[in-house]
Each structure stands twice: as structure tokens, then as C-alpha cells.
Amino acid sequence: MTVSKTQSTSPSAPKNWLKGFSLPWGVTITYLSIVLLLPVSALILRAATLSPAEFWRLATAPVALSTYNITFGTALFAAAINCVAGTATAWVLVRYEFPFKRVLDAVIDLPFALPTAVAGITLATVYSEQGWIGSFLTPLGIRVSFTRLGVAVAMVFISVPFVVRTVQPVLQELDYTIEEAAWSLGASRWETCWRVVLPPLIPAILTGTTQAFARAVGEYGSVVLIAANIPYQDLIAPILVFQRLEENDMAGATAIGTVLLLISLVLLLMVNVLQAWRQRYDG
Amino acid sequence: MTAESKSIQSLPGEVKSEKGREWGKIALIAAVVTYLAMVLLLPTLYVFIGAFSRGIGPFFATLIDPDFTQALRLTAMAVGIAVPFNVVFGLCAAWVIARRRFRGRTLLLSIIDLPFSISPIVAGLMLVSLYGRNGLLGPLLQSLDIRIIFSFPGIALATMLGGMPFVAREVIPVLEEVGTQEEEAAKTLGAGEWQTFWRVTLPSIRWALLYGIILTTARAMGEYGAIAVVSSNLIGRTQTLTLYVEGAYRNYDSQSAFAASVVLAGLAGVTLVIKEVFERRIRIKDEEV
């Protein structure tokens, strides 16, 4: 604050400041408006043109309710898997040395780089009845492709990096000597894990899991290709919105789409709160 | 139990627990490798196997198929428009957020992150409700004879929306870390705004910027859900690469679908390699400091 005040006393500063102020600001606000803010407002305005009763009827139609149920249930399941497996992966990558560790570390980011449509067709094939993995599961009576389990596999795939990448840096910073101190004071390995290692990781784990959940809830590309997309069985909410649009049912699409939009806003808020908590923990 | 008795007890058990820890370590690594193999490695490997399942001939036959080349051209055009826009926006937004203190700064940061958490289908729906025929701007656009939805501008907008946050996200922390000292020094020495930006700011953020560009490009090439909504998906006209992959797969032409996927996955590979290089450089820089 004081720096900027002293700066503005120099004669050329106010002009420069204004110039610097207007261009990046102008670009930021204009672009945000055209690409994001106006479209978001348009969707909400369109939803507002529906009467509340109509909105409620469309947003809570039985098929819509079943898609929320399937979407959130499966996304929660996928997030839980990634919560445990992601923390374990971060632990292995930070604490242990083994061959091809760097390769393993690099492939964690694959889901960010690989298009979801590609992920969808390859997961559907690998987990099909004759597929590499599916053929081992079929004798056990487990069908993955074209079932709700397939939806879960797709959701796990696309959200792998979140927990790993939020936990990894925290684990790296964690002082190893604290663990040694706990051991030398007589704590068992489990005690050390639960009481010394885990607590500082919890904010990071929760942030990553919430991000993974948010990503899974909105996923379309990989799920639409691995699932059978049958209502009440494995149809998820984003795909229902797409189907409503294809049927030219704009009102139905708007109502369910708005519900999804509001949920992603709430999840974004949660991630921000968790991150603030994390920073306080670090500080 | 006193501390003394515990240490005596642990003496003979030490070897056993050391061994147990070693086994626990191996078991944990095996579990993680199995998990990643099932979820990530095998499915990704299969993209390449699937593309060459009928040999190298059919693979190249797909690559010269006019529908494929048309889809590739459309994707390249969407990327060519969306990425420069997103880079300029990302730089401006990063500068505003990192260099200015104003009310609603965290709000702006959250808004920029929004495309990460919005479902691509909802993103497409948003664009339709604004720019579509029955959208808010529909009558205006129709009177001006501008078509956005079901045509190329819609695809470009959807591509921009999905990749919007990456550059800003990558550049902001670096801008905050390098601080303003060098920029101020340059200005004191008489450099103009542009000169300061090109000569001082840009060199210090170049790796973060490059990584942001790579990420936004990867995302733009892979954009699918939002484009599926705003595109009419006419083969050879408004079909992008991802829509081509889906279309071929649904027509039981999985060989072509995987061949096109290899092109998309190739970029994913490039992304990961550049990310590695980028992070290694940061690590080296950190160690120098």
C-alpha cells in the first residue's frame, strides 16, 4: 500500500498506472463476459423465465432424480477410491525409490492430457467382455462396460490426478524427523501414521477429493462412451441434459442444467474454503 | 509399561519389524502399480494397440480419409483461434490478479476457475442459451445474419471456454513469486510499459506461460462435451476430431476411432514430456537458489 502511494507521487506514474490499468483489465473483463459470464447469466435467466412450479417439476422429474442419484452416488464412490488410492500413490511416489518411478509419476497427469472421448472408447474396449481387463472380470460375474460400474471406472480415470497432486507437495514438505521422533518416543507404525503423518495431510486430501468429486459429477465424454446410457440404470445427469437438448426440450435441459451449474458453484466454493483452511494450516 | 521395558522388548523384534516394513513397502508399491495399470496404463496402451490392430495400412488409410482430414482441419482451426485468445486473456488476467490489490480479487480468481468445475455439457448449454436461435442474443444475431451455434464460431467459443483458466492459473503464482522489483527498476531506468513487459516480465514467466499454453492446447484439442452440444456434428463439415472419434466408434469402425485417437494421444504425450522438462527446470532453478 505504502509503496503504491509513494509511486504515484512521481510525475509520470499516474498516466502509466492508468494505462496499465485499462488494457489488461479491459481484456480480462471483456473476454470473461463474452465467453463465461454472459453465457452463465443467460442460462440462469432462461431458467428464471420458467415458473418456479414448472422449474421444480422439470428439475425433479423421476428420471432426473434418478440421474442425480446415479451421478452423485457413482461420483462419490469414484472420489472415495481416489481418496484412498491417490493418497497411497502420493506416499509411494514421495517416500519410496523403485524402478520406473519417474514414469509412474509422469503418467499420473495422463487424464488431464488425454481427451475424454479417447479415454471413453479405450476404457470401454479394455473393460468390455473380451477386453484386456474385462475378460478377467467376466468369469467372476463382473460386467463393467455398459453398466454403472463402467461409469465408476470412467469417473475414477478422469479424476486420478487430483488427490495425488494435492497430497504430493504436502508430503514432500513434511519433516521426516517428526516421524522419527514419534517412533523413538515409542509410537507404533500405525500410531505414527494416524497421529503424526495423517493430520497435516487431511486438508490436502479433502481438497483433492472434493476436486475429484466435482470433476466426476460433471464428466460427460468418457462416461457417455462406456455406459449404456439407459435411464434408471446408468444414465448420469449431464447426459440427460444432452438427451433433452437432442429432443429439443430446451426447458427440461435448462432446468436440469441449472441444477448442475448450481452444484458446481457450491463445490467450487467448498474447494476454496478447503484451500483457505489448508493455507491457515500451513501458516 | 515403562519406556525402558519397551526398548528392551523392541530389541529382538527390531529385525522382524524392519523386515515387515520392507514387505509393507513392496506390497504398497505393488498395489499402487496395479491400480495405476488397471486405470491408466493399460487403457492408454490400448489406444495404440487398437489403432494398429489391423496393421499399419488401415492406420494410414484413416489418416488420409477425407472425413478425418476435415475433422483435423476443423480442430486445428478451433485450437488456432482459442489458444491465442486464451493466452492473451490469461496473461492479462494473471497480471491483474498478481499485480493489483482490489476488492473482489478472490472472487475474480474463483470465476476464472469456474470452467474447471462446470460440466462441459452445461458449458455448451450456456452457450446455446445465449447465442442459440432461441437464446437471449438469438433475435439480434439473426437480424445480423450471424450464426454461432451449429457452426464454427460456436465450436470456437466452446473451445475457448474449456481452456480459459490454464494460462492464468500457471502464470499467477510465478508472477507473485518474482515480485515487482525488477519491473520497477526497469521503469525507473526509463523503460515503457511494453518494453518492461517484453524484456523483464515475459522472460521471468516464460516457462509457466509455455506450460499454460501446452495445457490449454491439449484441452482445446480434446474438447468434446461442449462441442457436442454446440456443433451440428455434420460429418466432414462441423465434426471435430473428438466428434470423429465418437462417430467412428459408434459406427463399429473402432480401428479408425483408435487411429484418430492416436493423433490426439500423441499430443497428450508431448504435453507430459514438456511438463517433465518444465518441472525439471524449476527444480534446477530452486536448487541454484
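Below is a table of values for the structure above.
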| quantity | calculated |
| --- | --- |
| Residue within region B:38-45 that is in contact (Cβ under 8 Å) with a residue 12 or more places away in the chain and either exposed (fewer than 15 other Cβ atoms within 10 Å of the Cβ) or part of a helix (DSSP H, G or I) (or both) present | yes |
| Qualifying residue in region B:167-180 (condition: within 18 Å of A:LEU32 (Cα to Cα) and open to solvent by 20 Å² or more (accessible area, probe 1.4 Å)) | yes |
| Positions within region B:57-84 being surrounded by fewer than 21 Cβ atoms within 10 Å (Cβ to Cβ) and within 14 Å of another protein chain (Cβ to nearest Cβ), in sequence order | B:LEU72, B:ILE81, B:PRO84 |
| Some residue of region A:64-76 being out of contact with any Asp or Glu (no Cβ under 6 Å at 6 or more places or on another chain), modelled with pLDDT under 95 and among the polar types (S, T, N, Q) | no |
| Selection from region B:117-141 of residues that are of a type in the set (Gly, Ala, Ser) and more than 19 Å from A:VAL266 (Cα to Cα) | B:GLY124, B:SER129, B:GLY132, B:GLY135, B:GLY138 |
| Subset of region B:181-203 that is open to solvent by less than 20 Å² (accessible area, probe 1.4 Å) and touching a Ser or Thr at 6+ places or on another chain (Cβ under 9 Å) - its residue that is farthest from A:LEU38 (Cα to Cα) | B:ALA186 |
| Pair list, Cβ under 7 Å, 6 or more apart: region A:245-257 residue among the aliphatic types (A, V, I, L, M), other residue part of a loop (DSSP other than H, G, I, E, B) | A:MET250/B:ASN134; A:ALA251/A:LEU50; A:ALA255/A:LEU50 |
| Cross-chain or 6+ apart pairs with Cβ under 6 Å, region A:24-45 first and facing chain B (nearest Cβ under 7 Å), then surrounded by fewer than 20 Cβ atoms within 10 Å (Cβ to Cβ) | A:ALA42/B:LEU136 |
| Selection count, region A:226-239, where residues are assigned to a loop (DSSP other than H, G, I, E, B) and not charged (D, E, K, R) | 9 |
| Residues of region A:164-178 classified as at pLDDT below 95 and within 12 Å of chain B (Cβ to nearest Cβ), total | 4 |
| Within region A:242-272, tally of residues that are more than 28 Å from B:ARG105 (Cα to Cα) and part of a helix (DSSP H, G or I) | 12 |
| Failed criterion for B:PHE48 (all others in (1) within 28 Å of the chain's Cα centre (by Cα); (2) more than 19 Å from A:THR125 (Cβ to Cβ) hold) | (2) |
| Filter result (of a type in the set (Phe, Trp, Tyr) and at pLDDT 90 or above) within region B:173-228 | B:TYR224 |
| Tally of residues being more than 7 Å from chain A (Cβ to nearest Cβ), closer than 24 Å to A:ILE239 by Cβ, of a type outside the set (Gly, Ala, Ser) and open to solvent by 30 Å² or more (accessible area, probe 1.4 Å) across region B:216-272 | 8 |
| Any hit, region B:86-107, residues being among the polar types (S, T, N, Q) and modelled with pLDDT of 95 or more | yes |
| Matching residues in region A:120-137 - criterion: being facing chain B (nearest Cβ under 7 Å) and aliphatic (A, V, I, L, M) | A:ILE121, A:LEU123, A:VAL126, A:ILE133 |
| Neighbours by Cβ (under 7 Å, 6+ apart or cross-chain): first from region B:92-121, more than 8 Å from chain A (Cβ to nearest Cβ) and farther than 16 Å from B:GLU170 by Cα; second buried (at least 16 other Cβ atoms within 10 Å of the Cβ) and at pLDDT 90 or above | B:ARG105/B:ILE97 |
| Filter pass, B:ILE155 being crowded, with 22+ Cβ neighbours inside 10 Å and more than 10 Å from chain A (Cβ to nearest Cβ) | yes |
| Total residues in region A:96-151, condition of a type in the set (S, T, N, Q), free of Cβ contacts under 8 Å to residues at least 40 places away in the same chain and more than 22 Å from B:ALA259 (Cα to Cα) | 2 |
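The rows are residues; the columns are (1) within 12 Å of another protein chain (Cβ to nearest Cβ); (2) open to solvent by 10 Å² or more (accessible area, probe 1.4 Å); (3) free of Cβ contacts under 8 Å to residues at least 40 places away in the same chain.
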{"residue": "B:LEU137", "(1), (2), (3)": "yes, yes, yes"}
{"residue": "B:LEU140", "(1), (2), (3)": "no, yes, yes"}
{"residue": "B:MET160", "(1), (2), (3)": "yes, yes, no"}
{"residue": "B:GLY163", "(1), (2), (3)": "yes, no, no"}
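The values are calculated or read from the model by the stated rules, or taken from the named source; none is laboratory data. Nothing here was measured: the structure is a model prediction, and the numbers come from that model. Note that we place each Cβ from the backbone using ideal geometry, even for glycine, and neighbour counts take in every protein chain shown. These accessible areas exclude ligands, DNA and RNA; they are computed on the full protein's heavy atoms, side chains included. Shrake-Rupley method; radii C 1.70, N 1.55, O 1.52, S 1.80 Å.
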